[in-house]
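Some notes on the structure that comes next.
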Amino acid sequence: MGRLAQTDGLTEIQRDILATVREFVDKEIIPVATELEHKDEYPAAIVEGMKQLGLFGLTIPEEYGGLGESLLTYALVVEEIARGWMSVSGIVNTHFIVAHMINAHGTQEQKDHFLPRMAAGEIRGAFSMSEPGLGSDVAAITTKGVKDGDGEFYVLNGQKMWLTNGGTSSLVAVLCKTDEGGSTPYKNMTTFLIEKTPGFGPNPAVPGLTVPGKIEKMGYKGVDTTELVLQDVRVPADRILGGVPGRGFYQMMDGVEVGRVNVAARGCGVARRAFELGIAYAQQRTTFGKRIAEHQAIQFKLAEMATKVEAAHQMMVMAARKKDGGERNDLEAGMAKYLASEYCKEVVEDAFRIHGGYGFSKEYEIERLYREAPMLLIGEGTAEIQKMIVGRRLLEEYRIAE
(Lines give C-alpha, C1' and ligand atoms only; values in the text may rest on other atoms or scores of the structure.)
Protein backbone atom coordinates (compact mmCIF):
# COMPACT_ATOMS: atom_id res chain seq x y z
CA MET A 1 0.00 0.00 0.00
CA GLY A 2 1.45 3.37 -1.04
CA ARG A 3 1.62 6.51 1.04
CA LEU A 4 -1.18 8.36 -0.74
CA ALA A 5 -4.61 8.88 0.86
CA GLN A 6 -3.59 7.99 4.39
CA THR A 7 -5.73 9.22 7.30
CA ASP A 8 -4.23 10.35 10.57
CA GLY A 9 -5.81 9.77 13.96
CA LEU A 10 -7.76 6.58 13.24
CA THR A 11 -8.58 4.19 16.07
CA GLU A 12 -7.40 0.61 16.03
CA ILE A 13 -10.96 -0.51 15.26
CA GLN A 14 -11.14 1.83 12.27
CA ARG A 15 -7.79 0.58 10.97
CA ASP A 16 -8.93 -3.04 11.37
CA ILE A 17 -12.18 -2.36 9.50
CA LEU A 18 -10.36 -0.68 6.64
CA ALA A 19 -7.78 -3.47 6.43
CA THR A 20 -10.56 -6.05 6.24
CA VAL A 21 -12.42 -4.11 3.54
CA ARG A 22 -9.23 -3.53 1.55
CA GLU A 23 -8.51 -7.26 1.57
CA PHE A 24 -12.10 -7.99 0.51
CA VAL A 25 -11.81 -5.48 -2.36
CA ASP A 26 -8.49 -6.92 -3.58
CA LYS A 27 -9.69 -10.53 -3.45
CA GLU A 28 -13.42 -10.38 -4.18
CA ILE A 29 -14.11 -7.21 -6.21
CA ILE A 30 -11.18 -6.15 -8.40
CA PRO A 31 -10.69 -9.59 -10.06
CA VAL A 32 -14.34 -9.74 -11.26
CA ALA A 33 -15.38 -6.08 -11.53
CA THR A 34 -14.63 -5.48 -15.21
CA GLU A 35 -16.27 -8.73 -16.35
CA LEU A 36 -19.43 -8.06 -14.33
CA GLU A 37 -19.50 -4.42 -15.45
CA HIS A 38 -19.28 -5.35 -19.12
CA LYS A 39 -22.18 -7.77 -18.62
CA ASP A 40 -24.13 -5.18 -16.58
CA GLU A 41 -24.59 -7.99 -14.06
CA TYR A 42 -25.71 -7.35 -10.49
CA PRO A 43 -22.84 -8.37 -8.13
CA ALA A 44 -24.91 -10.71 -5.95
CA ALA A 45 -21.92 -12.60 -4.52
CA ILE A 46 -20.15 -9.36 -3.62
CA VAL A 47 -23.27 -8.01 -1.93
CA GLU A 48 -23.58 -11.22 0.09
CA GLY A 49 -19.96 -10.82 1.16
CA MET A 50 -20.63 -7.24 2.30
CA LYS A 51 -23.60 -8.48 4.32
CA GLN A 52 -21.34 -10.99 6.04
CA LEU A 53 -18.86 -8.22 6.86
CA GLY A 54 -21.65 -6.14 8.41
CA LEU A 55 -21.15 -3.24 6.00
CA PHE A 56 -24.87 -2.58 5.59
CA GLY A 57 -25.02 -1.78 9.29
CA LEU A 58 -21.74 0.06 9.52
CA THR A 59 -23.21 3.35 10.82
CA ILE A 60 -26.41 1.98 12.37
CA PRO A 61 -26.23 2.19 16.21
CA GLU A 62 -25.26 -0.94 18.10
CA GLU A 63 -28.64 -1.02 19.89
CA TYR A 64 -30.20 -1.85 16.51
CA GLY A 65 -27.61 -4.47 15.59
CA GLY A 66 -25.20 -2.24 13.66
CA LEU A 67 -21.56 -1.39 14.24
CA GLY A 68 -22.26 2.20 15.31
CA GLU A 69 -19.35 3.63 13.34
CA SER A 70 -18.86 7.25 12.28
CA LEU A 71 -19.44 8.95 8.95
CA LEU A 72 -15.65 9.11 8.58
CA THR A 73 -15.33 5.34 8.92
CA TYR A 74 -18.10 4.86 6.41
CA ALA A 75 -16.54 7.32 3.93
CA LEU A 76 -13.17 5.59 4.16
CA VAL A 77 -14.86 2.22 3.59
CA VAL A 78 -16.65 3.64 0.55
CA GLU A 79 -13.35 4.97 -0.78
CA GLU A 80 -11.89 1.45 -0.59
CA ILE A 81 -14.94 -0.15 -2.23
CA ALA A 82 -15.03 2.44 -5.05
CA ARG A 83 -11.36 1.75 -5.67
CA GLY A 84 -12.47 -1.77 -6.55
CA TRP A 85 -15.68 -0.97 -8.43
CA MET A 86 -17.70 2.21 -8.03
CA SER A 87 -21.02 0.47 -8.68
CA VAL A 88 -20.66 -1.57 -5.51
CA SER A 89 -20.27 1.58 -3.44
CA GLY A 90 -23.54 2.79 -4.97
CA ILE A 91 -25.32 -0.27 -3.62
CA VAL A 92 -24.46 0.69 -0.05
CA ASN A 93 -24.75 4.47 -0.52
CA THR A 94 -28.51 4.89 -0.85
CA HIS A 95 -29.01 2.24 1.84
CA PHE A 96 -26.75 4.27 4.12
CA ILE A 97 -28.62 7.52 3.37
CA VAL A 98 -32.02 5.99 4.17
CA ALA A 99 -30.68 4.38 7.38
CA HIS A 100 -29.19 7.74 8.40
CA MET A 101 -32.50 9.52 7.77
CA ILE A 102 -34.47 6.98 9.80
CA ASN A 103 -31.98 7.07 12.67
CA ALA A 104 -31.83 10.89 12.69
CA HIS A 105 -35.48 11.72 11.99
CA GLY A 106 -37.62 8.60 12.39
CA THR A 107 -40.08 7.80 15.14
CA GLN A 108 -39.04 5.21 17.70
CA GLU A 109 -41.41 2.71 16.09
CA GLN A 110 -39.80 3.32 12.68
CA LYS A 111 -36.32 2.87 14.13
CA ASP A 112 -37.31 -0.37 15.89
CA HIS A 113 -39.05 -1.68 12.78
CA PHE A 114 -36.48 -0.87 10.11
CA LEU A 115 -32.98 -0.42 11.54
CA PRO A 116 -32.28 -3.96 12.85
CA ARG A 117 -33.21 -5.49 9.49
CA MET A 118 -31.30 -2.80 7.61
CA ALA A 119 -28.22 -3.50 9.74
CA ALA A 120 -28.43 -7.18 8.78
CA GLY A 121 -28.86 -6.33 5.11
CA GLU A 122 -32.28 -8.00 5.06
CA ILE A 123 -33.87 -4.68 4.08
CA ARG A 124 -31.94 -2.55 1.63
CA GLY A 125 -32.84 1.06 1.03
CA ALA A 126 -33.31 3.36 -1.96
CA PHE A 127 -33.64 7.14 -1.97
CA SER A 128 -36.14 8.89 -4.26
CA MET A 129 -36.17 12.64 -4.73
CA SER A 130 -35.52 13.43 -8.42
CA GLU A 131 -38.19 13.38 -11.14
CA PRO A 132 -38.10 13.24 -14.97
CA GLY A 133 -38.66 17.00 -15.29
CA LEU A 134 -36.28 18.16 -12.59
CA GLY A 135 -33.02 17.39 -10.88
CA SER A 136 -31.65 19.86 -8.39
CA ASP A 137 -34.81 22.04 -8.38
CA VAL A 138 -36.42 20.10 -5.55
CA ALA A 139 -39.14 22.70 -4.96
CA ALA A 140 -40.58 21.83 -8.38
CA ILE A 141 -41.49 18.22 -7.56
CA THR A 142 -44.94 17.17 -8.75
CA THR A 143 -45.35 13.74 -7.10
CA LYS A 144 -48.16 14.30 -4.65
CA GLY A 145 -49.43 12.73 -1.43
CA VAL A 146 -53.03 13.45 -0.42
CA LYS A 147 -54.79 12.47 2.80
CA ASP A 148 -57.40 9.78 2.29
CA GLY A 149 -60.54 10.13 4.37
CA ASP A 150 -59.78 10.32 8.08
CA GLY A 151 -56.05 10.71 7.44
CA GLU A 152 -54.92 7.20 8.38
CA PHE A 153 -53.60 6.79 4.83
CA TYR A 154 -52.11 9.00 2.12
CA VAL A 155 -52.58 8.35 -1.59
CA LEU A 156 -49.45 8.97 -3.67
CA ASN A 157 -49.36 9.74 -7.40
CA GLY A 158 -46.41 10.69 -9.59
CA GLN A 159 -43.24 9.55 -11.28
CA LYS A 160 -39.74 9.48 -9.79
CA MET A 161 -36.40 9.16 -11.61
CA TRP A 162 -32.82 8.02 -11.05
CA LEU A 163 -33.34 5.60 -8.17
CA THR A 164 -30.13 3.73 -7.43
CA ASN A 165 -31.17 0.26 -6.20
CA GLY A 166 -34.71 1.00 -7.40
CA GLY A 167 -35.32 -2.63 -8.34
CA THR A 168 -33.24 -4.50 -5.78
CA SER A 169 -34.26 -2.42 -2.76
CA SER A 170 -37.06 -3.38 -0.38
CA LEU A 171 -37.50 0.06 1.22
CA VAL A 172 -37.80 3.39 -0.61
CA ALA A 173 -37.78 6.85 0.99
CA VAL A 174 -39.95 8.92 -1.39
CA LEU A 175 -40.27 12.71 -1.30
CA CYS A 176 -43.76 14.03 -2.17
CA LYS A 177 -45.70 17.29 -2.09
CA THR A 178 -48.37 17.20 0.59
CA ASP A 179 -49.60 20.83 0.56
CA GLU A 180 -50.72 20.88 4.18
CA GLY A 181 -50.40 24.56 4.91
CA GLY A 182 -46.69 25.29 4.95
CA SER A 183 -45.71 28.89 4.32
CA THR A 184 -43.16 27.93 1.62
CA PRO A 185 -42.89 25.05 -0.89
CA TYR A 186 -40.14 23.56 1.28
CA LYS A 187 -42.58 23.14 4.18
CA ASN A 188 -45.10 21.33 2.00
CA MET A 189 -42.97 18.23 1.32
CA THR A 190 -43.10 14.93 3.14
CA THR A 191 -40.93 11.81 3.09
CA PHE A 192 -42.81 8.50 2.93
CA LEU A 193 -41.22 5.13 3.78
CA ILE A 194 -42.55 2.52 1.37
CA GLU A 195 -41.80 -1.17 1.88
CA LYS A 196 -41.90 -3.15 -1.34
CA THR A 197 -40.85 -6.46 -2.85
CA PRO A 198 -37.53 -6.37 -4.77
CA GLY A 199 -37.97 -6.72 -8.50
CA PHE A 200 -39.18 -4.96 -11.63
CA GLY A 201 -42.66 -4.33 -13.02
CA PRO A 202 -45.84 -3.88 -10.96
CA ASN A 203 -45.01 -4.56 -7.32
CA PRO A 204 -47.01 -7.43 -5.77
CA ALA A 205 -46.68 -6.00 -2.26
CA VAL A 206 -47.71 -2.42 -3.11
CA PRO A 207 -50.66 -2.01 -5.49
CA GLY A 208 -50.09 0.87 -7.88
CA LEU A 209 -46.29 0.95 -7.48
CA THR A 210 -44.25 0.04 -10.57
CA VAL A 211 -40.50 -0.12 -11.22
CA PRO A 212 -40.48 -0.22 -15.06
CA GLY A 213 -36.95 -1.62 -15.50
CA LYS A 214 -33.29 -0.66 -15.52
CA ILE A 215 -32.17 2.54 -17.23
CA GLU A 216 -29.39 1.81 -19.71
CA LYS A 217 -26.29 3.84 -18.79
CA MET A 218 -22.88 4.65 -20.22
CA GLY A 219 -21.21 3.50 -17.02
CA TYR A 220 -22.09 2.76 -13.40
CA LYS A 221 -23.37 -0.62 -14.52
CA GLY A 222 -24.19 -3.65 -12.39
CA VAL A 223 -26.16 -1.58 -9.89
CA ASP A 224 -29.72 -0.93 -11.04
CA THR A 225 -30.87 2.63 -11.74
CA THR A 226 -34.59 2.96 -12.31
CA GLU A 227 -37.74 5.02 -12.47
CA LEU A 228 -40.53 4.68 -9.91
CA VAL A 229 -44.17 5.11 -10.92
CA LEU A 230 -46.85 5.66 -8.25
CA GLN A 231 -50.50 5.39 -9.22
CA ASP A 232 -52.93 5.68 -6.29
CA VAL A 233 -50.42 4.06 -3.92
CA ARG A 234 -51.85 3.96 -0.39
CA VAL A 235 -49.31 4.50 2.37
CA PRO A 236 -50.19 4.48 6.10
CA ALA A 237 -49.73 7.83 7.82
CA ASP A 238 -47.43 6.15 10.34
CA ARG A 239 -44.98 5.64 7.47
CA ILE A 240 -44.35 9.37 7.19
CA LEU A 241 -40.72 9.73 8.23
CA GLY A 242 -40.80 11.20 11.74
CA GLY A 243 -44.60 10.93 11.89
CA VAL A 244 -45.21 14.59 10.97
CA PRO A 245 -45.84 15.86 7.42
CA GLY A 246 -44.03 18.90 6.04
CA ARG A 247 -40.51 18.00 7.14
CA GLY A 248 -39.48 16.03 4.07
CA PHE A 249 -37.30 18.62 2.37
CA TYR A 250 -35.12 19.13 5.43
CA GLN A 251 -34.86 15.38 6.04
CA MET A 252 -33.85 14.78 2.43
CA MET A 253 -31.27 17.57 2.50
CA ASP A 254 -29.72 16.02 5.61
CA GLY A 255 -29.48 12.77 3.68
CA VAL A 256 -27.99 14.50 0.65
CA GLU A 257 -25.41 16.24 2.87
CA VAL A 258 -23.98 12.94 4.09
CA GLY A 259 -24.46 11.57 0.56
CA ARG A 260 -22.15 14.28 -0.78
CA VAL A 261 -19.40 13.06 1.52
CA ASN A 262 -20.08 9.60 0.13
CA VAL A 263 -19.77 10.77 -3.48
CA ALA A 264 -16.55 12.58 -2.59
CA ALA A 265 -15.26 9.31 -1.12
CA ARG A 266 -16.20 7.48 -4.30
CA GLY A 267 -14.31 10.04 -6.36
CA CYS A 268 -11.28 9.54 -4.13
CA GLY A 269 -11.45 5.77 -4.56
CA VAL A 270 -11.81 5.83 -8.33
CA ALA A 271 -9.02 8.43 -8.66
CA ARG A 272 -6.71 6.34 -6.48
CA ARG A 273 -7.32 3.26 -8.60
CA ALA A 274 -6.71 5.24 -11.79
CA PHE A 275 -3.43 6.50 -10.34
CA GLU A 276 -2.41 2.95 -9.39
CA LEU A 277 -3.15 1.74 -12.92
CA GLY A 278 -1.37 4.68 -14.52
CA ILE A 279 1.83 4.49 -12.49
CA ALA A 280 2.01 0.70 -12.94
CA TYR A 281 1.55 0.89 -16.70
CA ALA A 282 4.11 3.71 -16.98
CA GLN A 283 6.72 1.36 -15.52
CA GLN A 284 5.84 -1.47 -17.91
CA ARG A 285 5.49 0.30 -21.25
CA THR A 286 8.67 1.08 -23.23
CA THR A 287 9.06 3.80 -25.90
CA PHE A 288 12.17 5.26 -27.53
CA GLY A 289 14.36 2.79 -25.70
CA LYS A 290 13.18 3.42 -22.14
CA ARG A 291 10.16 2.98 -19.91
CA ILE A 292 7.68 5.79 -20.31
CA ALA A 293 7.90 6.48 -16.57
CA GLU A 294 11.40 7.78 -17.25
CA HIS A 295 10.09 10.46 -19.60
CA GLN A 296 9.77 13.79 -17.82
CA ALA A 297 6.36 14.47 -19.37
CA ILE A 298 4.96 11.30 -17.77
CA GLN A 299 6.59 12.07 -14.43
CA PHE A 300 4.93 15.49 -14.46
CA LYS A 301 1.59 13.84 -15.15
CA LEU A 302 2.07 11.33 -12.32
CA ALA A 303 3.00 14.13 -9.94
CA GLU A 304 -0.17 16.06 -10.79
CA MET A 305 -2.32 12.95 -10.45
CA ALA A 306 -0.90 12.06 -7.04
CA THR A 307 -1.34 15.59 -5.74
CA LYS A 308 -4.99 15.57 -6.79
CA VAL A 309 -5.58 12.16 -5.17
CA GLU A 310 -4.10 13.42 -1.91
CA ALA A 311 -5.90 16.78 -1.91
CA ALA A 312 -9.31 15.23 -2.59
CA HIS A 313 -8.84 12.61 0.12
CA GLN A 314 -7.93 15.15 2.78
CA MET A 315 -10.86 17.41 1.86
CA MET A 316 -13.23 14.44 2.08
CA VAL A 317 -11.86 13.46 5.49
CA MET A 318 -12.30 17.01 6.78
CA ALA A 319 -15.94 17.12 5.65
CA ALA A 320 -16.71 13.79 7.32
CA ARG A 321 -15.07 14.81 10.57
CA LYS A 322 -17.06 18.07 10.65
CA LYS A 323 -20.32 16.15 10.42
CA ASP A 324 -19.19 13.60 13.02
CA GLY A 325 -18.35 16.46 15.35
CA GLY A 326 -21.94 17.71 15.19
CA GLU A 327 -21.00 20.79 13.19
CA ARG A 328 -22.70 22.15 10.10
CA ASN A 329 -20.72 20.79 7.15
CA ASP A 330 -22.60 21.83 4.02
CA LEU A 331 -19.70 24.11 3.03
CA GLU A 332 -17.07 21.37 3.47
CA ALA A 333 -19.28 18.65 1.97
CA GLY A 334 -19.96 20.80 -1.08
CA MET A 335 -16.26 21.58 -1.49
CA ALA A 336 -15.30 17.94 -1.02
CA LYS A 337 -17.86 16.65 -3.52
CA TYR A 338 -16.92 19.30 -6.10
CA LEU A 339 -13.16 18.83 -5.72
CA ALA A 340 -13.16 15.03 -5.56
CA SER A 341 -15.43 14.56 -8.58
CA GLU A 342 -13.54 17.06 -10.74
CA TYR A 343 -10.15 15.68 -9.72
CA CYS A 344 -11.37 12.14 -10.26
CA LYS A 345 -12.32 12.96 -13.85
CA GLU A 346 -8.91 14.56 -14.44
CA VAL A 347 -6.88 11.76 -12.83
CA VAL A 348 -8.80 9.09 -14.74
CA GLU A 349 -8.27 10.94 -18.01
CA ASP A 350 -4.53 11.29 -17.34
CA ALA A 351 -4.28 7.56 -16.56
CA PHE A 352 -6.20 6.92 -19.80
CA ARG A 353 -3.69 9.05 -21.71
CA ILE A 354 -0.77 7.20 -20.12
CA HIS A 355 -2.23 3.93 -21.40
CA GLY A 356 -2.26 5.33 -24.94
CA GLY A 357 -4.25 3.24 -27.41
CA TYR A 358 -4.63 0.42 -24.92
CA GLY A 359 -6.74 2.68 -22.71
CA PHE A 360 -9.39 2.48 -25.41
CA SER A 361 -9.48 -1.31 -25.20
CA LYS A 362 -12.05 -3.05 -23.05
CA GLU A 363 -9.32 -5.46 -21.96
CA TYR A 364 -7.86 -2.73 -19.75
CA GLU A 365 -9.47 -1.64 -16.51
CA ILE A 366 -8.94 2.06 -17.19
CA GLU A 367 -11.59 1.89 -19.95
CA ARG A 368 -14.21 1.08 -17.31
CA LEU A 369 -13.05 3.87 -14.99
CA TYR A 370 -13.18 6.33 -17.89
CA ARG A 371 -16.90 5.60 -18.31
CA GLU A 372 -17.64 5.61 -14.58
CA ALA A 373 -16.05 8.92 -13.59
CA PRO A 374 -18.62 11.19 -15.31
CA MET A 375 -21.44 9.97 -13.04
CA LEU A 376 -19.67 11.54 -10.07
CA LEU A 377 -19.90 14.94 -11.76
CA ILE A 378 -23.70 14.68 -11.54
CA GLY A 379 -24.58 12.52 -8.53
CA GLU A 380 -25.78 14.32 -5.36
CA GLY A 381 -25.76 17.64 -7.21
CA THR A 382 -23.75 18.94 -10.16
CA ALA A 383 -20.58 21.00 -9.86
CA GLU A 384 -22.64 24.12 -10.49
CA ILE A 385 -24.95 23.29 -7.58
CA GLN A 386 -21.97 22.63 -5.29
CA LYS A 387 -20.42 25.97 -6.24
CA MET A 388 -23.72 27.73 -5.58
CA ILE A 389 -23.94 26.13 -2.12
CA VAL A 390 -20.33 26.94 -1.33
CA GLY A 391 -20.68 30.52 -2.61
CA ARG A 392 -23.76 31.21 -0.49
CA ARG A 393 -22.13 29.78 2.61
CA LEU A 394 -18.98 31.83 2.05
CA LEU A 395 -21.09 35.00 1.84
CA GLU A 396 -22.70 34.06 5.15
CA GLU A 397 -19.32 33.48 6.77
CA TYR A 398 -17.65 36.59 5.38
CA ARG A 399 -20.56 39.03 5.33
CA ILE A 400 -19.38 42.60 5.91
CA ALA A 401 -21.17 45.03 8.17
CA GLU A 402 -23.30 47.54 6.32
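The values are calculated or read from the model by the stated rules, or taken from the named source; none is laboratory data. Note that this is a predicted model, so its numbers are computed, not measured. Because the Cβ atoms are built from the backbone with ideal geometry, glycine has one as well, and the counts that use them run over all protein chains shown. Accessible surface is based on the protein model in full, side chains and every heavy atom, while ligands, DNA and RNA are left aside. Shrake-Rupley method; radii C 1.70, N 1.55, O 1.52, S 1.80 Å.
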Inset, instruction - Could you tell me whether any residue of the stretch 256-272 is over 30 Å from GLY359 (Cβ atoms) and either at pLDDT 95 or above or charged (D, E, K, R) (or both)? - result: yes
Inset, instruction - Could you identify the single residue in VAL256, VAL211 that is over 13 Å from LEU156 (Cβ atoms) and either in contact with a helix residue (DSSP H, G or I) (Cβ under 9 Å, 6 or more places away or on another chain) or open to solvent by 40 Å² or more (accessible area, probe 1.4 Å) (or both)? - result: VAL256
Legend entry - Lone qualifier among GLU384, GLU332, GLU372, GLU396 - being among the acidic types (Asp, Glu), in contact (Cβ under 8 Å) with a residue 24 or more places away in the chain and in a helix (DSSP H, G or I): GLU372
Inset, instruction - Please find, among LEU377, LEU369, the residue that is open to solvent by less than 30 Å² (accessible area, probe 1.4 Å) and within 22 Å of GLU346 (Cβ to Cβ). - result: LEU369
Inset, instruction - Give the residue, chosen from ALA306, ALA280, ALA351, ALA312, that is among the small types (Gly, Ala, Ser), open to solvent by less than 50 Å² (accessible area, probe 1.4 Å) and under 30 Å from TYR250 (Cα atoms). - result: ALA312
Inset, instruction - Just one of (1) surrounded by 24 or more Cβ atoms within 10 Å (Cβ to Cβ); (2) of a type in the set (Phe, Trp, Tyr); (3) more than 14 Å from SER170 (Cα to Cα) trips up PHE56, so point out which. - result: (3)
Inset, instruction - Please work out if THR164 is over 27 Å from MET218 (Cβ atoms), out of contact with any Leu (no Cβ under 8 Å at 6 or more places or on another chain) and crowded, with 21+ Cβ neighbours inside 10 Å. - result: no
Legend entry - the stretch 357-366, subset at pLDDT below 95 and part of a helix (DSSP H, G or I), residue most open to solvent (accessible area, probe 1.4 Å): PHE360
Inset, instruction - Return yes when GLY242 is touching a residue at least 24 places away in the same chain (Cβ under 8 Å), on the phi > 0 side of the Ramachandran plot and crowded, with 17+ Cβ neighbours inside 10 Å and no when it is not. - result: yes
Inset, instruction - Within the stretch 96-109, track down each residue that is in a helix (DSSP H, G or I) and either among the aliphatic types (A, V, I, L, M) or in contact with a helix residue (DSSP H, G or I) (Cβ under 6 Å, 6 or more places away or on another chain) (or both). - result: ILE97, VAL98, ALA99, HIS100, MET101, ILE102, ALA104, HIS105
Legend entry - Matching entry among LYS337, LYS345 (being assigned to a helix (DSSP H, G or I), charged (D, E, K, R) and open to solvent by less than 20 Å² (accessible area, probe 1.4 Å)): LYS337
Legend entry - Test result for VAL223, within 27 Å of PRO374 (Cα to Cα), of a type in the set (A, V, I, L, M) and touching a strand residue (DSSP E or B) at 6+ places or on another chain (Cβ under 8 Å): yes
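Here is a yes/no grid of residues against (1) within 20 Å of the chain's Cα centre (by Cα); (2) buried (at least 17 other Cβ atoms within 10 Å of the Cβ); (3) touching a residue at least 60 places away in the same chain (Cβ under 8 Å):
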{"residue": "GLY201", "(1), (2), (3)": "no, no, no"}
{"residue": "THR225", "(1), (2), (3)": "yes, yes, yes"}
{"residue": "LEU230", "(1), (2), (3)": "no, yes, yes"}
{"residue": "ARG260", "(1), (2), (3)": "yes, yes, yes"}
{"residue": "ARG266", "(1), (2), (3)": "yes, yes, yes"}
Legend entry - Selection within the stretch 25-36 - under 14 Å from GLU79 (Cα atoms) and buried (at least 20 other Cβ atoms within 10 Å of the Cβ): VAL25, ILE29
Inset, instruction - Kindly establish whether MET388 is hydrophobic (A, V, I, L, M, F, W, C) and either within 26 Å of SER130 (Cα to Cα) or open to solvent by less than 10 Å² (accessible area, probe 1.4 Å) (or both). - result: yes
Legend entry - Those residues of the stretch 52-67 which are over 15 Å from the mean Cα position of the chain (by Cα) and not aliphatic (A, V, I, L, M), in sequence order: GLN52, GLY54, GLY57, PRO61, GLU62, GLU63, TYR64, GLY65, GLY66
Inset, instruction - Take the residues in the stretch 167-179 that are within 16 Å of the chain's Cα centre (by Cα) and small (Gly, Ala, Ser), then tell me which one is surrounded by the fewest Cβ atoms within 10 Å (Cβ to Cβ). - result: ALA173
Inset, instruction - Scan the stretch 82-113 for residues that are under 17 Å from GLY269 (Cα atoms) and either in contact with an Asp or Glu (Cβ under 8 Å, 6 or more places away or on another chain) or not polar (S, T, N, Q) (or both) and jot them down. - result: ALA82, ARG83, GLY84, TRP85, MET86, SER87, VAL88, GLY90, ILE91, VAL92
Legend entry - Inter-residue pairs, beta-carbon under 9 Å, first part of a strand (DSSP E or B) and open to solvent by less than 60 Å² (accessible area, probe 1.4 Å) and in the stretch 134-156, second modelled with pLDDT of 85 or more and polar (S, T, N, Q), 6+ apart: LEU134/THR142; GLY145/ASN157; GLY145/THR178; GLY145/THR190; TYR154/THR178; TYR154/THR190; LEU156/THR143; LEU156/GLN231
